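Values quoted throughout were computed directly from the atomic coordinates according to the rules given, and no laboratory measurement underlies them. It should be emphasised that the depicted structure is a prediction, and the values quoted were computed from it without experimental measurement. As a convention, Cβ positions derive from the backbone with ideal geometry for all residues, glycine included, and neighbour counts pool all protein chains shown.
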Amino acid sequence: MLLKNKVLIIVLVIGGFLRFFNIANSPPSLNWDEAALGYNAYSILHTGKDEYGVFFPLVTRSFDDYKSMLPVYPMVLSIKLFGLNEIGVRFPTALISTLTIILIYLVAKKLLMSEKVALLASFFFAIEPWALHLGRVYHEAVFSLFFYFSALYLFFESMKKKKLILLSIIFGFVSLYSYHTSKILVPLTFILIGFLYRNRLITFPRKVRIMIIILMVIGILIFIYQILFFNTLARAESASILRDVSWRNLPIQATLRYVSYFLPSNLFVLEPNEPASVVPGNSMFFPYEIILWFIGLLTILTNTKKYRLLILLIAVSPLAASFTWNWFEPARVLVLFGLFSMIVGLGAYVIWKKGLYMHRIVYLIFFVPMVIMSVFYIFDSINYKIAAKIYGNWQPGFRESMPIVYEKSFNYKSVVIDTKHAQPYIFVLFYSDYPPEKYLNELDLVKIGNPRKNYNFGKYIFRNVDFATEIKDPELLYVLWKDSQAYSQIDIKEISYLNEVKNVDNDTIVKIVSFKNAKN
């Protein structure tokens with residue numbers, strides 16, 4: 001086996017281990033998107049329908065943000081194998097993120113024209129905080145990233161095997177349909193590549209060119225169909241920069257957001273503000289990578305002709321994210337971060353190749369120990385610090401309380417869920433393994449409204465609880481979260497404690513209660 005293959009396998013093993021190890025417990029529970037799409041996959045597994053009764057949908061309504069179901073279908077098989085749990089939900093993401101390590105190597109080899117740089121790029125991608133954390137939780141952007149780089153690599157290969165361009169286009173559209181910001185990035189990439197390679201594309205066989213046009217038309221028609229009938233632009237409206245910015249200030253505000261994705265402080269120093277993107281004590285990249293990144297950027301910018309496509313891809317990658325209200329949302333620019341991993345690999349190679357003997361000694365003394373320490377540090381951060389320090393970002397209490405609530409619910413007329421947590425109904429469905437057939441039979445699309453206003457189903461009622469005005473009905477079971485109004489009222493003598501759930505700090509965060517004389 002060639003040395004390069006051995007190195008790539010070692011990198012793949014390291015990256016895979018860091019992505020798969022302990023994914024059931026870190027992050028400590030599912031976020032609402034993971035629970036929602038996991039339950040939709042579970043519903044499709046048993047009924048062929050999503051939670052709203054749509055048969056094998058391409059888009060699911062979910063929380064009225066109309067997510068693509070393409071990245072969800074692999075989860076159907078995963079849940080079949082592992083069950084409706086964290087592993088069943090997260091396994092496909094961890095797998096596809098691990099496979100992306102290979103794609104980073106393949107694409108970097110094409111863009112940077114160096115085997116050694118490509119290996120370095122794949123290694124940095126395998127261990128970087130942003131790639132690891134988002135590769136351990138379900139996120140559509142990870143799937144979109146995989147298909148984006150797959151499409152890019154297949155396009156390069158089509159210069160030798162012409163028909164591969166058809167598969168490249170298909171993968172490009174899969175990336176486009178998988179995540180919201182890809183709906184802008186993928187067309188921009190198509191346009192860029194079409195322009196830069198126009199002279200070579202016109203030499204393709206006539207049949208291939210006709211098939212390219214047909215695939216493009218089909219892809220565009222499907223996109224238009226989704227917009228017209230599935231409200232796939234709903235998320236774009238809710239995330240739009242125009243929520244907070246007037247048309248008059250739009251250019252300057254969009255520019256500032258665009259620049260934020262290139263700021264060294266955001267990339268190498270600060271923790272991101274988005275809760276689901278935080279690994280305690282880590283920025284998106286390791287701090288020492290700033291040196292490699294800067295040297296890599298300097299290298300491509302001083303040789304624009306050779307690296308023209310890479311420079312243009314970097315330039316367009318943050319455009320879609322720049323027009324959202326968030327100042328810095330890592331998940332929306334994963335393609336940019338993937339390209340930055342390649343830049344870091346290039347910088348590492350340039351230092352080693354161009355440096356004098358003494359510089360290489362310094363390299364070995366400084367960078368190699370830093371890389372080794374960073375791997376151990378990120379391992380500790382992901383597997384222990386997330387669970388110990390920021391468990392509150394991952395809706396704690398549902399996983400532990402819902403099986404208890406579901407078991408006790410058979411003794412009560414109704415279960416009242418205090419609505420302090422976002423979208424609590426989906427956690428009840430997920431963590432109680434609520435039968436999808438039963439849920440669909442209970443679903444009243446007219447009653448729940450569009451956009452959704454009512455989340456009640458079966459015995460479960462979702463509303464604010466105030467014991468000062470509650471009818472003292474012993475047939476009601478209450479599930480209350482700490483810091484809610486009702487939680488502070490449960491010391492009244494009419495209340496009977498049934499169970500409680502504690503967090504990692506041994507603080508009670510959920511209490512399950514009823515009025516006295518209830519069936520316990």
For segment 464-478, in residue order, the Karplus 3J(HN,Hα) values (coefficients 6.51, -1.76, 1.60; θ = phi - 60°; whole Hz; Gly and Pro = x) are 6, 10, 9, 5, 5, 10, 5, 6, 6, 9, x, 8, 9, 9, 10
Which of the aspartates and glutamates could a cross-linker span from Lys183 if the Cα-Cα distance has to be under 16 Å and same-chain partners fewer than 8 positions apart are dropped?
Asp65, Glu140, Glu237
Quick one: of Lys160/Lys305; Lys80/Lys482; Lys116/Lys305; Lys459/Lys482, which pairs are farther than 32 Å apart, Cα to Cα?
Lys80/Lys482
With unit charges on the beta carbon (Lys/Arg positive, Asp/Glu negative), name the residue among Phe56, Leu292, Ile311 whose Cα is farthest towards the positive pole of the charge dipole of segment 3-389.
Ile311
If the chain between Lys4 and Lys160 were fully extended at 0.36 nm per residue, the gain over the current Cα-Cα distance would be 53.9 nm
With everything on Cα atoms, drop me the angle between helix 86-112 and the longest principal axis of the chain, reported from 0 to 90° to the nearest 10.
10 degrees
Report, to the nearest 10°, how far helix 115-127 tilts away from the longest principal axis of the Cα atoms in the chain, using its own Cα long axis and a range of 0 to 90°.
20 degrees
For Lys109, net neighbour charge (Lys/Arg +1, Asp/Glu -1) across residues whose Cβ lies under 11 Å away
+2
Near Phe376, within a Cβ-to-Cβ distance under 15 Å, what is the net charge of the other residues, with Lys and Arg +1 and Asp and Glu -1?
-1
Could you work out the longest stretch of the chain that avoids the GluC sites (Glu not before Pro) located in DSSP loops with at most 14 other Cβ atoms within 10 Å?
1-474
For a quick check of your reading of the filter: which chymotrypsin sites (Phe, Trp or Tyr not before Pro) in segment 241-279 sit in a DSSP loop and have no more than 12 other Cβ atoms within 10 Å?
Trp247
Plugging the Kirkwood radius over Cα pairs into Stokes-Einstein for segment 30-99, at a temperature of 37 °C and a viscosity of 0.692 mPa s, what D comes out in µm²/s?
278 µm²/s
Can you compute the charge dipole magnitude of the chain about its Cα centre, using +1 on each Lys and Arg Cβ and -1 on each Asp and Glu Cβ, nothing else charged? Give it in debye, rounded to the nearest 20.
2600 debye
In percent, how large is the relative contact order of the chain, given Cα pairs closer than 8 Å and 6 or more residues apart?
17 percent
Provide the per-residue ³J(HN,Hα) series for segment 249-265, in order, calculated from phi with Karplus coefficients 6.51, -1.76, 1.60 and θ = phi - 60°, each as a whole number of Hz, with x at glycine and proline positions.
8, 4, x, 5, 5, 5, 5, 5, 5, 4, 5, 4, 7, 10, 6, x, 4
Tell me which residues come under 5 Å, amide H to amide H, from Ser496 once H is placed; ignore anything under 5 positions away on its chain.
Ser514, Phe515, Lys516
Semi-axes a, b, c in Å (a largest) for the chain, each sqrt of 5 times a Cα gyration tensor eigenvalue, come to 45, 28, 20
Check which residues have an amide H placed less than 5 Å from Val416's amide H, if you skip close sequence neighbours.
Ile461, Leu477, Tyr478, Val479
Quick check for me: using +1 on Lys/Arg Cβ and -1 on Asp/Glu Cβ, what's the dipole size of segment 395-515 about its Cα centre, in debye to the nearest 20?
280 debye
How charged is the neighbourhood of Pro92? Take every other residue with its Cβ under 13 Å from the Cβ of Pro92, and add Lys/Arg as +1 and Asp/Glu as -1.
+1
Principal-axis tilt of helix 206-230 within the chain, Cα atoms, nearest 10 degrees
30 degrees
Taking the dipole of the chain about the Cα centre (Lys, Arg +1; Asp, Glu -1; charges at Cβ), the one of Phe328, Tyr153, Ser265 that reaches farthest to the positive side is Tyr153
What aspartates and glutamates sit close enough to Lys354 to cross-link, taking a C-alpha to C-alpha distance under 18 Å and skipping anything fewer than 8 places away on the same chain?
Glu115, Glu289
Express the relative contact order of segment 395-515 as a whole percentage, based on alpha carbon pairs under 8 Å and six or more residues apart in sequence.
31 percent
The chain: antiparallel bridges as % of DSSP beta bridges, rounded to 5, reads 70 percent
Mind putting together the pair-distance distribution for segment 457-520? All Cα pairs, 10 Å bins, whole percent per bin, short to long.
20, 56, 22, 2
